[in-house]
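These notes are about the structure you will find just below.
The values are calculated or read from the model by the stated rules, or taken from the named source; none is laboratory data. Keep in mind the model is a prediction, meaning the values are calculated, not measured. Glycine also receives a Cβ, built like all others from the backbone with ideal geometry; neighbour counts cover every protein chain displayed. Please note that ligands, DNA and RNA were not included when accessible areas were found on the heavy atoms of the full protein model with its side chains. Shrake-Rupley method; radii C 1.70, N 1.55, O 1.52, S 1.80 Å.
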Amino acid sequence: MTDGTIRLTMAQAVVRYLCAQWTEIDGARVPLFAGVFGIFGHGNVTCLSEALEQVQDKLPTWRGQNEQSMALAAVGFAKAKLRRQIMIATSSVGPGATNMITAAGTAHANRLPLLLLAGDTYVNRLPDPVLQQVEHYGDPSITVNDGFKAVSRYWDRIVHPAQILSSLPNALRVMLDPADCGPAFIGLPQDIQEVAYDYPEAFFAEKVWKIPRPRPARSEIDAAAALLKTAKRPFILSGGGVRYSGAGEALADFAVKRGIPFTETIAGKGAVVHDHPAYTGAMGIEGTDASKVMAEEADVIIAVGTRMQDFTTGSWTTFASDAKFININAARFDASKHFAQPVVGDALECLTELDAALGDWTCEPAQMTRAQALYAEWNKGLDAWQAADNAEVPSYAQVIKVVNDHATVDDTMVTAAGGLPGETAKNWRVKAPNTYDLEFGFSCMGYEIAGGWGHAMAKVQPDGTQKGVPIVMVGDGSYMMMNSDIYSTVLTGHKMIVVVCDNGGFGVINRLQTGMGVPGFNCLLKDARVQNKDDPLHVDFAAHARAMGAEARFCESLADLGDAMQWARTTDRTTVLVINSDAYKWTDGGADWYVGVPEINERDSIRQAREGQEAFRAKQRRGV
C-alpha cells in the first residue's frame, strides 16, 4: 500500500470491493451481498476462487450443483429479501456461464437484483481457441457471454483491471434502482483476472447503500387525483412493486379509507392477507371471478407497481374499452403504458401524496359492498372446490387446501410454472404478508426447488436459526427439470418442505393443447412416445429425494398428506412429500388468454377453438 493505493489483482479487487458494500434492513446494518453461489472451473478457479477463499468470514461461498439452479436460488433470495439484499452467482466460461442465462432472464422479467460473475476467454487471444470457446470467424470479440445482453439490465466485460472502478459501482446503481432493477452481468476474462493494478484506497471504503424512494411530480399527482375524483367504479390493481416498496399496508389502508376495492397481480399476491375486507383475490387469467367482474366494470383503474403482463390483463380483454388508467410506477416505461395517466415514483410515496391530494373524496359505498359480495361468493366456491371427496386421485385445489392448512404465518409458499401457478393463485389463502412467491414473470420451470433454497437462506436469523420454512409446491414436470438443490439444502442445513404433485406429465399444457382442439400429444406421459402407453413408467420421487439425503414420504390420500405435513415439521432436514394429483381437474374462474390457433384446419374442434379466440380478441383494448 503506497501513496493511497492498494496493489491487487483484478479478481482480488472485485472481491474486496463487494465486501465493502453495506445496506440497511429495518434499521440494521447488513452486508449488501449476503454471499456467493459458485461452481468453479478453469475460468474462475485460479484467480476469483483464490480471492473468495480469503474472505469466507465476510462473504460466504456456497457450492452449487448446477449453474442455473444456483443463480435461481439467488433470485429466490432477492425476492424473499424484497430486493434489499443480493446474492452473487459465479461460473466458469462456456457452458457454465450459459447455464446462468435462464436465471438471468428470470431475474430480468421479475425486476430482481442478481450479480453474475462469469469467466470469459482471453483478451490477449494468444492461446485461442481455448477450452469451451465458441469462435466467430467474422468477429473475434464475441463470446458466449454476449448472450447475457438480452437478459441483463447491466452488461460489461472487463478487458483492463482499471475498468472495475466504474463498472462495479454502475452495476450496483442499476441493481438498487427501483426503476432499473434487474440482473447485472460482468464477464471476467481469465488473463485479466490475474493482472495486478494499483487501485485507489478510496475505492474500497465501506459504503452503506440506501434504496431510493423517488417522489412523484406534483403535476402528475394533481392529474391523477382529478381523474380519480371522476370515478364511479374505481378499482386498484396492486403489483409486485407494492411489495418491494413496503407499501402493502399503506395501499390496503388507502383502499379502506377511500372505499376502493383492490386486487393483486401474480407478483403482487401476498402484500395482504386473504381475508382483507377490501380485497377481491388475485387478478387475471390465474385470478378470481370477483376480481374479473370488478375489473370489467371499473371506469378508473389505479395500477400500482405492475408491468401489466398479459396474465394480469387477460391479454387486455379484462377492462372496458373506455376505462381510464392511473399507473403508479417507479419506471416511466411502465407508468406510461396504454396511454395511462402516469405517476412516476416510489409506490409508498405516491400513495401517500395521492391520498393527501384527494381531500375528503371517497367512493360511493356501493362499490365496496359489491366487491365484498362477489368475493364472498368466490370464497364459497373455493370451499366447495377444496372440499375432500371420495375421488381416487385428488385435485390440485384439494392438495393445496391441506398444505395451506398446515402452513404457519412464518412459512412461505414457493412455486413457479405448470398448473400450480393458477391453482395456488386461486386456492392459497395468504396468512401473513410476504409469505407467497409465485415466479410467473418468466414462468421458469425449475425455479421452485432452487428458489426454495434461496428463501430458506433468507429465513436464517442472526442467531443462526431458521424462522419458518419455504413450502415448495412443484409438479412432476418441473421436478424432473431441476431438483439437485434438494441435495444442496441437505448439505447446507437449510430446511424446506417440498410437495410434489405428480399428474403424469405436463398437465396444464395438455389442458391448453386439448382446450384449443388439439388431441393430447406429447404432454402427458401416456400421450408421449413411450414403451407402455397404458401404464408408462413413473418416477419414484420419494426414493429419488431420499437418495439425495432428504426425508421423504409418498402420500396415499389427502388425510395421509395432512399427517405427512405434521411429520415434516419434526424432521431435521429438507423433507419431500409426494402425492398423485388429477391432470384433468382445475379450479374454475379468471380471465381468458390470447393464444395462437390455426386459421385453417380440418378438425371441427380446432375450428371451434379458432372461433372462440376470434370472439375473445374482439374484446381487446388495442394499445390504449
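Compute the separation of the alpha-carbon centres of segment 575-597 and segment 364-427 and state it in Å as a whole number. Going from one Cα centre to the other spans 13 Å.
Phi-derived couplings, Karplus 6.51 cos²θ - 1.76 cosθ + 1.60 at θ = phi - 60°, listed residue by residue for segment 88-103: 10, 10, 10, 9, 7, 8, x, x, x, 6, 5, 4, 8, 4, 4, 5 Hz, with x used for Gly and Pro.
The chymotrypsin sites (Phe, Trp or Tyr not before Pro) of segment 126-234 that DSSP puts in a loop, and whose beta carbon has at most 15 other beta carbons within 10 Å, are TYR137. The per residue volume of the convex hull around the alpha-carbon atoms of segment 99-198 is 99 Å³.
What chymotrypsin sites (Phe, Trp or Tyr not before Pro) in segment 301-381 are in a loop by DSSP, with at most 13 other Cβ atoms within 10 Å of the Cβ? Intermediate results must be reported in sequence, preceding the final value.
Numbers: sites: PHE311, TRP316, PHE319, PHE325, PHE333, PHE339, TRP361, TYR375, TRP378; in loops: TRP316, PHE319, TRP361.
Loop-located and lightly packed - TRP361.
Alpha-carbon geometry of segment 1-147: the Rg and the Dmax are 16.4, 54 Å, given in that order. Sorted largest first, the spans of the alpha carbon positions of the chain along the three principal axes are 74, 67, 56 Å.
For the chain, what is the mean residue ellipticity at 222 nm derived from helices alone (per DSSP H run of n ≥ 4: -39500 (n - 2.57); sum divided by total residues; nearest 500 deg cm²/dmol)? The partial results should precede the final answer.
On the way: 24 runs with 226 residues, N = 624.
Rounded to the nearest 500, it is -10500 deg cm²/dmol.
Accessible area per residue for segment 209-260, computed on protein heavy atoms with a 1.4 Å probe, is 43 Å². Dividing the Cα radius of gyration of segment 413-497 by its Kirkwood radius returns 0.97 for Rg/Rh.
For segment 493-624, with every protein chain kept in place, what is the accessible area per residue (1.4 Å probe, Å²)?
Dividing the accessible area of segment 493-624 by its residue count gives 55 Å².
How many percent of Cα pairs in segment 482-586 exceed 17 Å? Don't jump to the answer; show the numbers that get you there.
Working: 3229 of 5460 pairs.
More than 17 Å apart: 59 percent of the Cα pairs in segment 482-586.
Gyration tensor over the Cα atoms of segment 319-408: the corresponding equivalent ellipsoid has semi-axes (square roots of 5 times the eigenvalues, largest first) of 39, 19, 15 Å.
In the chain, carbon and sulfur make up what percent of the accessible area (probe 1.4 Å)?
Numbers: 12980 of 25090 Å².
For the chain, the apolar C and S fraction of the accessible surface comes to 52 percent.
Only alpha carbons enter this Debye calculation for segment 452-532, each as an equal point scatterer, and the log10 of I(q)/I(0) it gives at q = 0.13, 0.18 Å⁻¹ is -0.55, -0.78.
Scalar couplings 3J(HN,Hα) for segment 322-332, obtained by applying the Karplus form with A = 6.51, B = -1.76, C = 1.60 to θ = phi - 60°, are 9, 5, 10, 10, 10, 9, 9, 7, 5, 9, 4 Hz; x denotes Gly and Pro. For trypsin sites (Lys or Arg not before Pro), the sites in segment 225-316 that DSSP calls loop and that have at most 13 other Cβ atoms within 10 Å are LYS232.
When the P(r) is computed for segment 196-251, the part past 12 Å accounts for 81% of the Cα-Cα pairs. Calculate log10 I(q)/I(0) of segment 495-556 for q = 0.19 Å⁻¹, where I(q) comes from the Debye formula with a single equal point scatterer on each Cα and nothing for solvent. Listed by q, the Debye log ratios stand at -0.81. What the Cα atoms of segment 141-241 give is an Rg and a Dmax of 20.9, 67 Å.
Whole number in Å², please: accessible area per residue of segment 261-302, 1.4 Å probe, ligands, DNA and RNA not counted. It would help to have the intermediate numbers written out before the result.
Working: 810 Å² over 42 residues.
Dividing the accessible area of segment 261-302 by its residue count gives 19 Å².
Residue-normalised convex hull volume from the C-alpha trace of segment 552-624: 207 Å³ per residue.
Remark on THR23: its backbone amide H falls under 5 Å from those of VAL30, LEU32, TRP209, a criterion applied only to residues 5 or more positions apart or on other chains, H modelled at 1.01 Å from N. Packing order of peptides 122-133, 501-512, 25-36, highest average first: 501-512, 25-36, 122-133 (average count of other Cβ atoms within 10 Å over each peptide's residues).
Legend: distances between Cα atoms for LYS401/LYS495; LYS337/LYS467; LYS269/LYS324; LYS149/LYS210; pairs beyond 31 Å are LYS337/LYS467. The 3J(HN,Hα) values that the Karplus relation (6.51, -1.76, 1.60; θ = phi - 60°) gives for segment 528-544 are, in residue order, 9, 7, 10, 5, 10, 5, 6, 8, x, 4, 10, 6, 8, 5, 5, 5, 4 Hz. Gly and Pro appear as x.
Taking GluC sites (Glu not before Pro) in DSSP loop conformation with at most 12 other Cβ atoms inside 10 Å as exposed sites, the chain has its longest uninterrupted site-free stretch at 207-391.
Can you put THR288, THR352 in order of accessible area, largest first, using a 1.4 Å probe? Display every interim value, and only then the final one.
Details: THR288 5, THR352 80 Å².
Largest accessible area first, the residues go THR352, THR288.
Over segment 10-50, what lengths in whole Å, largest first, do the semi-axes of the equivalent ellipsoid take, defined as the square roots of 5 times the eigenvalues of the alpha-carbon gyration tensor?
26, 11, 5
Got the relative contact order for the chain handy, in percent, Cα pairs under 8 Å and 6 or more residues apart? Result for the chain is 13 percent. With 13 Å as the cut-off, how large is the P(r) tail for segment 84-139, expressed as percent of Cα-Cα pairs? For segment 84-139, the share of Cα pairs beyond 13 Å comes to 66 percent.
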